[in-house]
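The values are calculated or read from the model by the stated rules, or taken from the named source; none is laboratory data. Computed from a predicted model, the values in this text were never measured in an experiment. Note that each Cβ is placed from the backbone with ideal geometry, even for glycine, and that neighbours are counted across all protein chains shown.
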Amino acid sequence: MAAPMTEPPCRLCHANLPKKQRRTIFSETFGVLNQLVEVIDEVPQRNDGHGNYVCGLCWNKLNRLSKIEHDLKTKLEALKEERLSLLKTLREKHGAQPFISLTPKSKKHYILHSPTPRKVKKSLTLTPQRGHQDSAEATIEKQKIKREKVSIQLFSPGKVKVLYRGHMSKLKSKVIPCGDFQNIVRSIIKGQSNKKIGEVIYQSQLREAIQNCVLEEMKRDISCLISTNKPSYLRKTQSDNLATFNFETFNLELQLNAPLLYKTLSSFYAQGTPHTYKYVIAVTAAIILKQRNMHMSAFHQVVSQILDNGGATDECINLLNKLGLCVSASAAAKKKSDLISRQKSHMEQMVLAEKKTS
Ligand SMILES: [Zn+2]
């Protein structure tokens, strides 16, 4: 007990220090305070009773740690680039096949170039044992934290590993195989914009799956419009509705019940003036929907009536019907008689009302 009182111990290894071997922690020339803080997991204070020195050996090791950290920062990008270009060359040779099982070997090769992981592991895993002198529970906690830290720091450059909380909050880790998925994780980690991340994901092997998702949503949009639960405006083919058909109502229905379909169609026609392109979207949708379900025919009925009134022949109407642009001549004729009788009763009511008032 007498020795530490007279000869201050090294803050790291607790060895007694002759004057020559002392390195003062708080001096300007010490230069590795950050590394020391990381190892002892606290910021040293002048009068905290743990001494103000480290020994020459520990100081050298801290300097080595600092050098490795510097190298990691500066060489990582170069190594990443070299790795990617190597990967690219090798893949091209292999014919664009992913080679997950080969990845670890190429990684180990890089570790040989840099002694970082082993050094870091030694100094960090040893530290908690020294801490035992303080309090048992606190050290166990510290050990846990240290171990998690170690597994992150051991990480070789160029590798993508995800740490996450699994069942019972257990820390789990998973190496992402090189290739598309690594690029996606990198893109997210780098904090790139959603647009950029989306592009990276879309350009990956997920492209077809994403396209299928969009198509599925579009199908759901169309099913929603066709559904009889909430009948579409296009299903309302009674003479009253046909006589008062307007595109605004159907356009609104599209925007509410089939937003993706509406957005897609809009992207085709955005060049036109807003006023007319709204009609064009509604017409395109009406033609698509009638193809999916023959009862979605209000727009087609209206077109046939216009053709008939304009003097188009049955042959002409039937031809346009085949092209999917209107209903058949016979269907139009049937609807025409409905419309006439509606008009008749409408006029009779008007006359009756006139008689009453006079
Ligand atoms: Zn020491």
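Worth pointing out:
- The condition (being without any contact (Cβ under 8 Å) to a residue 40 or more places away in the chain, surrounded by 11 or more Cβ atoms within 10 Å (Cβ to Cβ) and away from the ligand (no atom under 16 Å from the Cβ)) is satisfied by just one residue among Glu81, Glu77: Glu81.
- Members of segment 275-317 found to be more than 40 Å from the chain's Cα centre (by Cα), of a type outside the set (A, V, I, L, M, F, W, C) and either in a helix (DSSP H, G or I) or not assigned by TED's automatic domain parsing to the domain that holds Gln238 (or both), listed by number: His300, Gln301, Ser304, Gln305, Asp308, Asn309, Asp314, Glu315
- Looking only at segment 318-340, and only at residues there that are surrounded by 14 or more Cβ atoms within 10 Å (Cβ to Cβ), farther than 16 Å from Gln238 by Cα and of a type in the set (A, V, I, L, M), the one that is nearest to the chain's Cα centre (by Cα): Leu325
- Candidates in segment 31-44 are the residues that are free of Cβ contacts under 8 Å to residues at least 40 places away in the same chain and surrounded by fewer than 17 Cβ atoms within 10 Å (Cβ to Cβ); of these, the one that is farthest from Glu7 (Cα to Cα) is Asn34.
- Lys278 vs. criteria under 30 Å from Met218 (Cβ atoms), in contact (Cβ under 8 Å) with a residue 24 or more places away in the chain and either surrounded by 13 or more Cβ atoms within 10 Å (Cβ to Cβ) or of a type in the set (D, E, K, R) (or both): yes
- Checking each residue in segment 207-223 for being among the hydrophobic types (A, V, I, L, M, F, W, C) and either surrounded by 16 or more Cβ atoms within 10 Å (Cβ to Cβ) or in contact with a Leu (Cβ under 8 Å, 6 or more places away or on another chain) (or both) picks out Val214, Met218, Ile222.
- Selection status of Leu57, within 16 Å of the ligand (Cβ to nearest atom) and under 45 Å from the mean Cα position of the chain (by Cα): no
- Hits in segment 234-252 (condition: part of a loop (DSSP other than H, G, I, E, B) and β-branched (Val, Ile, Thr)): Thr237, Thr244
- For segment 3-31, the set of residues classified as within 16 Å of the ligand (Cβ to nearest atom), in contact with a strand residue (DSSP E or B) (Cβ under 9 Å, 6 or more places away or on another chain) and in a loop (DSSP other than H, G, I, E, B) consists of Glu7, Pro8, Cys10, Arg11, Leu12, Cys13, Ala15, Leu17, Arg22, Ile25, Phe30, listed by residue number.
- Residue check for Asn47: surrounded by fewer than 17 Cβ atoms within 10 Å (Cβ to Cβ) and either touching a residue at least 40 places away in the same chain (Cβ under 8 Å) or more than 9 Å from the ligand (Cβ to nearest atom) (or both): yes
- Extreme residue, nearest to Asn293 (Cα to Cα), among residues of segment 211-233 that are assigned to a helix (DSSP H, G or I) and without any contact (Cβ under 8 Å) to a residue 24 or more places away in the chain: Ser223
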